[in-house]
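Encoded as structure tokens, the structure appears first; notes follow it.
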Amino acid sequence: MSVKISYLKKIFLIFLMILLLSTGCQNKKQHQISSTYFGMHIQNPNNYSLHSNTMGNLGYGSVRFWDTGTKWLNLEPQKGKYDFKKLDQLVSAALDNNQEILLTLGQPPSWATGNKSISEYGDNYNSIPPANIEDWRKYVKTVGERYKGKITAYEIWNEVNIKGFYSGSIEELVTLTKEANYILKKIDPNIIIVSPGMANGMEGVHFLEAYLKAGGIQFVDAISVHLYVNPYPPEEMIPLIKNYRQVVDETSSKQMPIWNTEFTWVNFTMDKEINNSTIMPDELASSYLARALLIGIGMEIERNYFYGLDYSTSKIQLVDLLNQKSIKLPGVAYRNVSSWLIGASIRNFSHKEGYYLLNIKLKDGKKGIIAWAEKSEKKIKLPPGFSEGNYFSTIGEINTYSGGEIYLTNMPVLVYKD
């Protein structure tokens with residue numbers, strides 16, 4: 001009898017563990033999407049007002065200040081003498097539009113690096129870490145105090161695994177993170193410390209692992225990665241995110257959010273050739289952008305910053321750079337995806353046989369499916385309850401379906417039922 005009871009106890013405990021794990025996974029998937037998930041880079045503060053009115057709002061609720069004339073070398077060109085004019089303008093514009101701010105630190109002035117400046121990207125960058133940690137402390141403290149309650153997140157450095165942006169050691173990088181954490185958390189315990197950004201695919205994954213294992217994991221609240229996969233399609237982000245997530249989970253005892261703090265396409269493949277020169281065609285750009293945003297949601301990326309609204313280097317253009325009041329088709333796609341998802345809850349994300357399904361509960365309580373095919377057109381059977389009705393593409397097209405089936409293309413569509 002005692003053997004039977006012991007056996008039954010084991011069975012019960014195993015069943016209980018499975019139940020708890022499945023419930024935990026389900027709850028984890030059903031998180032509500034915030035507008036801060038939709039992040040943007042904006043160079044010109046005047047462009048905030050162009051795209052934040054009722055008709056033109058693209059939906060982004062957070063901004064990252066990088067390549068905005070707000071690096072350390074811009075803010076403190078001479079030791080102890082600061083110029084906050086540009087950063088003040090950007091902060092004011094973002095706050096006027098209810099957008100949370102991420103400021104990227106680093107890129108020291110040459111006076112802080114032994115009167116030397118090294119970067120293959122030109123004079124507006126400096127990859128050398130500060131020679132005297134006290135200069136870093138004063139810079140971080142000055143910025144943190146000035147923008148207390150305004151800038152809510154700080155990224156320690158940009159793309160540290162690329163020598164043109166950072167040429168110091170991992171140990172120095174951990175020290176910079178530790179000092180920034182101590183100073184900024186003392187100013188405001190709610191400030192989010194974001195790890196240095198990682199880029200270049202698996203090279204970034206390996207660098208992140210080394211940084212976290214060297215002690216960096218102790219001093220950050222979120223992990224910064226740059227999910228550039230050009231010239232390939234957005235689905236290449238999925239294995240890359242999995243690799244980053246594995247490294248983070250193996251080095252952290254708590255659930256650590258991942259922020260994609262920079263992404264776009266600087267080249268792309270069309271007609272089996274890599275295109276480095278022309279802007280991506282609008283429909284292809286709309287498809288790539290929408291799929292990247294949806295994949296981020298499905299793979300539980302907490303924030304996703306597109307680079308950017310008014311950056312000529314991006315092959316995906318949201319607005320006409322010569323007339324920035326004019327929103328292009330990719331801008332329409334961005335706005336539609338953000339309007340679908342802000343306030344919605346994610347139920348699950350699946351992908352198989354060349355197509356992708358994101359099951360959601362819309363903010364009005366309706367059940368919805370967002371789906372697309374990666375390559376060729378594909379007919380799929382919809383879940384029970386989706387028998388016939390309309391479906392909406394990310395570029396605003398409306399079509400009908402019947403028989404519980406739908407034809408998918410590479411342009412994501414939203415299907416919902418009442």
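The set of residues from the stretch 91-100 being out of contact with any Lys or Arg (no Cβ under 7 Å at 6 or more places or on another chain) and within 28 Å of T175 (Cβ to Cβ) comprises just one member, E100.
Taken together, N158, N190 contain a single residue that is more than 18 Å from F84 (Cβ to Cβ) and either surrounded by 23 or more Cβ atoms within 10 Å (Cβ to Cβ) or touching a helix residue (DSSP H, G or I) at 6+ places or on another chain (Cβ under 8 Å) (or both), which is N158.
Of the residues in the stretch 243-253, none is of a type in the set (A, V, I, L, M, F, W, C), closer than 25 Å to D67 by Cβ and either touching a residue at least 12 places away in the same chain (Cβ under 8 Å) or assigned to a loop (DSSP other than H, G, I, E, B) (or both).
The set of residues in the stretch 363-376 being within 30 Å of K272 (Cα to Cα) and at pLDDT 90 or above consists of I370, A371, W372, A373, E374.
Evaluate the stretch 304-311: report whether one residue or more is in a strand (DSSP E or B), over 30 Å from K352 (Cα atoms) and touching a helix residue (DSSP H, G or I) at 6+ places or on another chain (Cβ under 6 Å). Looking for residues that are in a strand (DSSP E or B), over 30 Å from K352 (Cα atoms) and touching a helix residue (DSSP H, G or I) at 6+ places or on another chain (Cβ under 6 Å), one finds none in the stretch 304-311, hence no. Just one of the listed residues (N97, N126, N181, N132) is more than 21 Å from the chain's Cα centre (by Cα), among the polar types (S, T, N, Q), over 21 Å from I223 (Cα atoms) and surrounded by fewer than 22 Cβ atoms within 10 Å (Cβ to Cβ), and it is N132. For the stretch 152-172, a residue qualifies if it is among the hydrophobic types (A, V, I, L, M, F, W, C) and either within 12 Å of L105 (Cα to Cα) or more than 25 Å from the chain's Cα centre (by Cα) (or both), and the qualifying residues are A153, I156, W157, V160, F165. Quick check on T70: is it polar (S, T, N, Q) and either under 24 Å from the mean Cα position of the chain (by Cα) or surrounded by fewer than 16 Cβ atoms within 10 Å (Cβ to Cβ) (or both)? Spelling it out, T70 is indeed polar (S, T, N, Q) and either under 24 Å from the mean Cα position of the chain (by Cα) or surrounded by fewer than 16 Cβ atoms within 10 Å (Cβ to Cβ) (or both). Counting residues in the stretch 392-411 that are within 27 Å of the chain's Cα centre (by Cα), crowded, with 19+ Cβ neighbours inside 10 Å and of a type in the set (A, V, I, L, M, F, W, C) gives one or more. Condition first: over 23 Å from L357 (Cβ atoms) and crowded, with 18+ Cβ neighbours inside 10 Å. Now tell me which residues in the stretch 252-274 satisfy that. Scanning the stretch 252-274 gives M256, W259, T261, E262, T264, W265, F268. Touching a Phe, Trp or Tyr at 6+ places or on another chain (Cβ under 7 Å) and in contact (Cβ under 8 Å) with a residue 24 or more places away in the chain: is that true of W157 in this structure? Yes, satisfied.
Of all residues in the stretch 166-190, how many are in a helix (DSSP H, G or I), out of contact with any strand residue (DSSP E or B) (no Cβ under 8 Å at 6 or more places or on another chain) and touching a residue at least 40 places away in the same chain (Cβ under 8 Å)? So the count comes out to 11. Quick one: in the stretch 317-326, which of the residues that are in contact with a strand residue (DSSP E or B) (Cβ under 8 Å, 6 or more places away or on another chain) and within 15 Å of H41 (Cβ to Cβ) is modelled with the highest pLDDT? Checking each candidate, the answer is L318. Taken over the stretch 262-303, the residue count meeting the criterion of being over 17 Å from E236 (Cα atoms), modelled with pLDDT of 95 or more and in a strand (DSSP E or B) is 1. Among what's in the stretch 327-354 and is without any contact (Cβ under 8 Å) to a residue 60 or more places away in the chain and under 19 Å from N47 (Cα atoms), pick the residue that is surrounded by the most Cβ atoms within 10 Å (Cβ to Cβ). Among those that are without any contact (Cβ under 8 Å) to a residue 60 or more places away in the chain and under 19 Å from N47 (Cα atoms), it is P330. Among the residues of the stretch 316-367, the ones that are over 20 Å from T409 (Cα atoms) and assigned to a loop (DSSP other than H, G, I, E, B) come to 13 in all.
Exactly one residue out of I101, I133, I128 is farther than 19 Å from L176 by Cα and among the aliphatic types (A, V, I, L, M), and it is I101. Among residues of the stretch 374-391 that are over 9 Å from K417 (Cα atoms), those with a beta-carbon under 6 Å from a residue that is polar (S, T, N, Q) and outside any strand (DSSP E or B) at least six positions away or on a different chain give the pairs E377/T409.
The values are calculated or read from the model by the stated rules, or taken from the named source; none is laboratory data. Keep in mind that what you see is a predicted model, and the values were worked out from it rather than measured. FYI the Cβ positions are ideal-geometry reconstructions off the backbone, even for glycines, and counts take in every protein chain you see.
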